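Below is one structure, written out as structure tokens, with a few remarks after it.
Laboratory data are not the source of any read-out in this text; all were calculated from the coordinates shown. This structure is a prediction, so every number in the text was calculated from the model and none was measured. Glycine gets a Cβ as well: all are built from the backbone with ideal geometry, and neighbour counts include every protein chain shown.
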Amino acid sequence: MRIKTINLSYFVLMVFIFNSLKTSGNDISVTDSILSENAEISLLTFERGNDVANIWGHSGIRVRDDLKGIDIVYNYGTYDFDAPNFLMKFLRGKLDYSLSPGSYNAVSRYYTYFKRSIFEQILNLDYDEKVKLYELLLDNYKPENRYYKYDFFFDNCSTRPLSIIEKSLNGKLLLNEENNTLTFRQLLDWQIWDKHWLNFGIDLIIGSRADRDPSPFQTSFLPLKLKEKLSSALILPTGDNLNSDNNPGKKKLIKSETAVTAFEVEHSMLPEFLKPIWIFTFLFLIEILIFYFSYRSGTLRYSWYDKTWFIIALTGGLIIAFLWFFTDHIATKANWNFVVLNPLYLFLLFRLKVFRFWIANIISLGLFLILVCYNFLPQELHPAIIPIAGTLLLKSAKYGLLSKYFIRTK
């Protein structure tokens, strides 16, 4: 059985736009030996790659003890690629994920080969805390404990390391609460600012729950944000005043941090005219021309083009409905894009005039409300949804309220 590591699964663009990060790692023997006094435990952060599969980066916990011959990276978010019904379980959010260890040398070689930087933050733990953290990892790796249901925002390859680090401390972990002004969605945008079409796809499938403000701990769902947070994190001994900034009992969580390997991140600089907002704006302008000349001639021109848009909108609606109602993915619930893309377009493909007339009006009303209330919705929609909604509104109106101005031609 082969094990592969995945980070922040969900959004691979071509398969319902779910993403995954895979890392190589060999199965190794895990020892339960108590650590020596010289052992070090650190958080490893792996830089993002330049494609959908690894755009989110990755986090792992390294346990190094030269006296015991231990140098292991513990990775959360691994899965069995050969599991029965893998694809359907993956899409529905019902796939079991697990903790798996890997040789540090193998992991390092993998990321170095693909020119992705590795950052190491050595934790400022006393001996008892190191032993406790190591024992927690060993306990998590037991067959009865290693499996769990992955969650994009709240339970992934970087939130789990943070949780286990916090549990190992003999005190309270304090994370910097400054600059927590971004929502979950905006944090995603920050990570993929140069991936315009990926950003567009993600904005289509994640719902309004992504527009909530995360706590300082919840921002750690992104590995690079976890690294940033831990750099300034403090440990406050239990019982001390949490509000005392000058408390002498406080100590930094990170003892030292280094870039093990450093590579320049390649950014995809897409020409402005190829970005989603301009592509769909151009198509909207074309639709205005088609609508105008169809109105002037009293004929429904290019009905095949209308059907193409309706089929695309129908397909998008089925995907959104599937992710909302038939999966366990929390991030894809309560999605307002469903007003723009939905299965009702199916009925515009047939010539049931009266029925189609009312369905077209319902669709048109929804599209109109989305355009009017765009800035007041509880969900931040991608800007490209405006020209998309505008295009679909003109098309659906020709089959509904304005149908009397258009005579269908064969």
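Once divided by 2.2 N^0.38 Å, the Cα radius of gyration of the stretch 334-389 becomes 1.22. The string of couplings for the stretch 276-281 from the Karplus curve (6.51, -1.76, 1.60, θ = phi - 60°) is x, 4, 7, 4, 6, 5 Hz, one whole number per residue in order, with x for Gly and Pro. Annotation: the stretch 101-240 has a Kirkwood hydrodynamic radius of 17.2 angstrom, from the mean reciprocal C-alpha pair distance.
Evaluate the Debye formula for the stretch 171-323 with equal point scatterers sitting on the alpha carbons, no solvent, and hand back log10 of I(q)/I(0) at q = 0.11, 0.16, 0.17, 0.21 Å⁻¹, in q order, two decimals. With no solvent term, the Cα-only Debye profile gives -0.70, -1.07, -1.14, -1.34. About the centre of its Cα atoms, the chain shows a dipole size close to 2420 debye [charges on the beta carbon of Lys, Arg (+1) and Asp, Glu (-1) only; nearest 20 debye].
Each pair of Cα atoms in the chain enters the Kirkwood radius, and Stokes-Einstein at 20 °C and 1.002 mPa s then converts it into a translational diffusion coefficient of 90 µm²/s.
Could you state the angle between the C-alpha long axis of helix 385-397 and the longest principal axis of the C-alpha atoms of the chain, as a value from 0 to 90 degrees rounded to the nearest 10? The angle comes out at about 30 degrees. For the stretch 165-225, the list of GluC sites (Glu not before Pro) that fall in a loop by DSSP and count at most 15 other C-beta atoms within 10 angstrom reads 177, 178.
Note on the stretch 48-147: with charges restricted to the Cβ of Lys and Arg (+1) and Asp and Glu (-1), its dipole about the Cα centre is near 460 debye.
Here the Karplus relation 6.51 cos²θ - 1.76 cosθ + 1.60, evaluated at θ = phi - 60°, turns the backbone of the stretch 159-175 into coupling constants of 5, 5, x, 4, 5, 6, 5, 4, 5, 7, 7, 8, x, 9, 7, 10, 9 Hz, with x for every Gly and Pro. Amide hydrogen proximity for residue 255: with H placed 1.01 Å from N in the peptide plane, the residues at 5 or more positions away or on another chain lying under 5 Å are 122, 123, 124. Within the set of other residues whose C-beta is less than 10 Å from the C-beta of residue 268, count the net charge using Lys and Arg as +1 and Asp and Glu as -1. Net charge in that neighbourhood comes out at -2. In terms of distances greater than 19 angstrom between alpha carbons, the cross-link table entries 229/333; 68/167; 172/255 yield 229/333; 68/167.
Mind running the shape call on the stretch 70-184? Use the C-alpha gyration tensor, a ≥ b ≥ c as the square roots of the eigenvalues: rounded below 1.5 for a/c, prolate if a/b tops b/c, oblate otherwise. In terms of gyration-tensor shape, rounded.
How big is the C-alpha Rg of the stretch 276-361 next to the rule-of-thumb value 2.2 N^0.38 Å, as a ratio?
My calculation over the Cα atoms of the stretch 276-361 gives 1.29.
Report the normalised scattering of the stretch 129-177 as log10 I(q)/I(0) at q = 0.31 Å⁻¹, calculated by the Debye formula with identical scatterers on the alpha carbons. Here the Debye-derived log intensity ratios amount to -1.18. PRE reach from residue 268 (point 7 Å along Cα→Cβ): which of the stretch 37-65 fall under 15 Å by backbone N? Output list for this probe position: 48-57. Taking every DSSP helix (H) stretch of at least 4 residues in the chain, weighting each as -39,500 (n - 2.57) and dividing the sum by the residue count yields a mean residue ellipticity at 222 nm of -11500 deg cm²/dmol.
Short to long, the 10 Å bins of the Cα pair-distance histogram for the stretch 265-410 hold 11, 37, 34, 14, 3, 0 percent of all pairs.
Treating r as the C-beta distance of residue 68 and residue 176 and R0 as 35 Å, the FRET efficiency rounds to 0.55. Each residue of the stretch 207-221 was assigned a 3J(HN,Hα) from its phi angle through the Karplus expression (A = 6.51, B = -1.76, C = 1.60, θ = phi - 60°), giving x, 5, 5, 6, 9, 8, 8, x, 6, x, 6, 6, 5, 6, 5 Hz with x at Gly and Pro.
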